[in-house]
Amino acid sequence: MSVSDGISRVARVASKYFVVWVIAAAGLALVYPSAFVPVLDYVNPLLGIIMLGMGLTLQPADFKRLVERPVDVGIGAVTQWLVMPLAAYALYLLFDLPDAIGVGLILVGAAPGGTASNVMSYLGRGDVALSVAITTVTTLAAPIVMPAWTLFILGESIDVTFAEMFTSIVQIVIIPVVLGFGIRYVLDRYSPKAAEVGVDVFPVISVAAIVAIVAGVVGANVDNILTAGALVLAAVVIHNGIGLGAGYGVGRLFGMSEDRVRTTAFEVGLQNSGLAVALATSLFEPAAALIPALFSVWHNVSGPALASYFTWRDDQTADAAAASAD
């Protein structure tokens, strides 16, 4: 077996059992919080590495798709931009969450799509090209959308300015994504083999980085988890469920094909919670990162579960069709 094959195999294992690593790390952080809290000092560079990896997955053809299918991309992006922030605000009011914790819910709601949505679209037999296109649009718009929603909803209750949030998102997200895209473009032209290895390596690095971030946030919020755990978890689960359901419903409403309906569900419901964690820890207090961290855990449970349901339903339909043909 070649080195590149070995790397690919490790990447598949890391991605397949991602949620296992996250839950295990979160559990350890609850027991040994002091061992993981120092990770919070490195959240921004860790997320920058994750976004660099996302940039490496992008190719010129991905941007071409934005022109070829603007309607479906627009539907997915606008649905995410409206449903998730408004649902977050409604839950913030309904559960009467403390401002320190509620800001994290708002940040998750205003966040762009995450790379998890691309993976789940693939596993759930959705339209992966559309998924990448929507994720790209919402990510590039994040420096405007996230500060706008956060300040519109929370207003004077926070001391962070639009310019501060805009600058942080550009530094953490846009610059690494553009850099990753540039590296991939050069490697594809001059060293395609190296490009393939890079695409395999970075998912492993991303998994490790996200696991470390979640563990750090959990370690810093042990008291909050123990006192408000059930309420906070309920907010996370309901918020994610609203996103998945709304995305699927809107796709149906606009007459999309089944694969694109599934993609819209994943794009709306699976947020870049890592970005929300980074902003929460760098611009607010540690408690603000609690909901984004829990969202990172939960959407990596709900996403695979929904993808598995979609594939099971396809298989059931295929079996029924085969039986009737006989």
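The values are calculated or read from the model by the stated rules, or taken from the named source; none is laboratory data. What you see is a predicted model; the values in this text were computed from it and never measured. Please note: Cβ atoms are built from the backbone with ideal geometry, for glycine as well, and neighbour counts cover all protein chains shown. Keep in mind that these areas ignore ligands, DNA and RNA; they rest on the heavy atoms of the full protein, side chains included. Shrake-Rupley method; radii C 1.70, N 1.55, O 1.52, S 1.80 Å.
Among the listed residues Ala14, Ala24, Ala77, which satisfies the condition of being at pLDDT 80 or above and under 18 Å from the mean Cα position of the chain (by Cα)?
Answer to the selection: Ala77.
Filtering region 221-231 down to residues that are surrounded by fewer than 24 Cβ atoms within 10 Å (Cβ to Cβ) and touching a residue at least 40 places away in the same chain (Cβ under 8 Å), which residue is farthest from Val108 (Cα to Cα)?
Taking the candidates together, the pick is Val222.
With respect to the numbered conditions (1) open to solvent by 10 Å² or more (accessible area, probe 1.4 Å); (2) more than 26 Å from Ile174 (Cα to Cα); (3) part of a helix (DSSP H, G or I); (4) not basic (Lys, Arg), which one is the sole condition not fulfilled by Asp96?
Going through the list (1) open to solvent by 10 Å² or more (accessible area, probe 1.4 Å); (2) more than 26 Å from Ile174 (Cα to Cα); (3) part of a helix (DSSP H, G or I); (4) not basic (Lys, Arg), Asp96 breaks only (3).
Which residue out of Met146, Met165 is crowded, with 24+ Cβ neighbours inside 10 Å, of a type in the set (A, V, I, L, M, F, W, C) and over 18 Å from the mean Cα position of the chain (by Cα)?
Exactly one of Met146, Met165 is crowded, with 24+ Cβ neighbours inside 10 Å, of a type in the set (A, V, I, L, M, F, W, C) and over 18 Å from the mean Cα position of the chain (by Cα), namely Met165.
Condition check ((1) modelled with pLDDT of 85 or more; (2) open to solvent by 10 Å² or more (accessible area, probe 1.4 Å); (3) part of a helix (DSSP H, G or I)) across all residues:
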position: Lys193; (1), (2), (3): no, yes, yes
position: Ser206; (1), (2), (3): no, yes, yes
position: Ala209; (1), (2), (3): no, no, yes
position: Gly249; (1), (2), (3): yes, yes, yes
position: Ala265; (1), (2), (3): yes, no, yes
position: Ala280; (1), (2), (3): yes, no, yes
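For region 175-191, which positions are within 23 Å of the chain's Cα centre (by Cα) and either surrounded by 17 or more Cβ atoms within 10 Å (Cβ to Cβ) or of a type in the set (Asp, Glu) (or both)?
Answer for region 175-191, where residues must be within 23 Å of the chain's Cα centre (by Cα) and either surrounded by 17 or more Cβ atoms within 10 Å (Cβ to Cβ) or of a type in the set (Asp, Glu) (or both): Pro176, Val177, Gly180, Phe181, Arg184.
Hey, among Val132, Val128, Val145, which residue is at pLDDT 90 or above and within 30 Å of Ser257 (Cα to Cα)?
Exactly one of Val132, Val128, Val145 is at pLDDT 90 or above and within 30 Å of Ser257 (Cα to Cα), namely Val145.
For Gly245, indicate whether it is at pLDDT 90 or above and either open to solvent by 40 Å² or more (accessible area, probe 1.4 Å) or assigned to a loop (DSSP other than H, G, I, E, B) (or both).
Considered against the rule, which asks whether it is at pLDDT 90 or above and either open to solvent by 40 Å² or more (accessible area, probe 1.4 Å) or assigned to a loop (DSSP other than H, G, I, E, B) (or both), Gly245 comes out as yes.
Does Asp62 count as modelled with pLDDT under 90, within 21 Å of Val277 (Cα to Cα), surrounded by fewer than 18 Cβ atoms within 10 Å (Cβ to Cβ) and touching a helix residue (DSSP H, G or I) at 6+ places or on another chain (Cβ under 7 Å)?
no
Filtering region 149-162 down to residues that are free of Cβ contacts under 8 Å to residues at least 24 places away in the same chain and assigned to a helix (DSSP H, G or I), which residue is surrounded by the most Cβ atoms within 10 Å (Cβ to Cβ)?
Looking at residues that are free of Cβ contacts under 8 Å to residues at least 24 places away in the same chain and assigned to a helix (DSSP H, G or I), I get Leu151.
Restricting to region 103-125, give me the number of residues that are in a helix (DSSP H, G or I) and modelled with pLDDT under 90.
Result for region 103-125: 9.
Among (1) part of a helix (DSSP H, G or I); (2) over 20 Å from the mean Cα position of the chain (by Cα); (3) touching a residue at least 12 places away in the same chain (Cβ under 8 Å), where does Met256 come up short?
Against the list (1) part of a helix (DSSP H, G or I); (2) over 20 Å from the mean Cα position of the chain (by Cα); (3) touching a residue at least 12 places away in the same chain (Cβ under 8 Å), Met256 comes up short only on (1).
Name the pairs whose Cβ atoms lie under 8 Å apart, with the first residue in region 204-220 and in contact (Cβ under 8 Å) with a residue 40 or more places away in the chain, the second of a type in the set (Ser, Thr, Tyr) and open to solvent by less than 30 Å² (accessible area, probe 1.4 Å), and 6 or more positions between them or separate chains?
Close Cβ pairs (under 8 Å, with a partner that is of a type in the set (Ser, Thr, Tyr) and open to solvent by less than 30 Å² (accessible area, probe 1.4 Å)) amount to Ile210/Ser296; Ile213/Ser296; Val214/Ser296.
Checking Ala307 against (1) over 22 Å from Leu47 (Cα atoms); (2) modelled with pLDDT under 80: exactly one of these is not met. Which one?
(2)
Take region 75-107 and flag every residue that is over 23 Å from Gly274 (Cβ atoms) and touching a residue at least 60 places away in the same chain (Cβ under 8 Å).
If the condition is that a residue be over 23 Å from Gly274 (Cβ atoms) and touching a residue at least 60 places away in the same chain (Cβ under 8 Å), then Ile75, Phe95 are the ones that fit.
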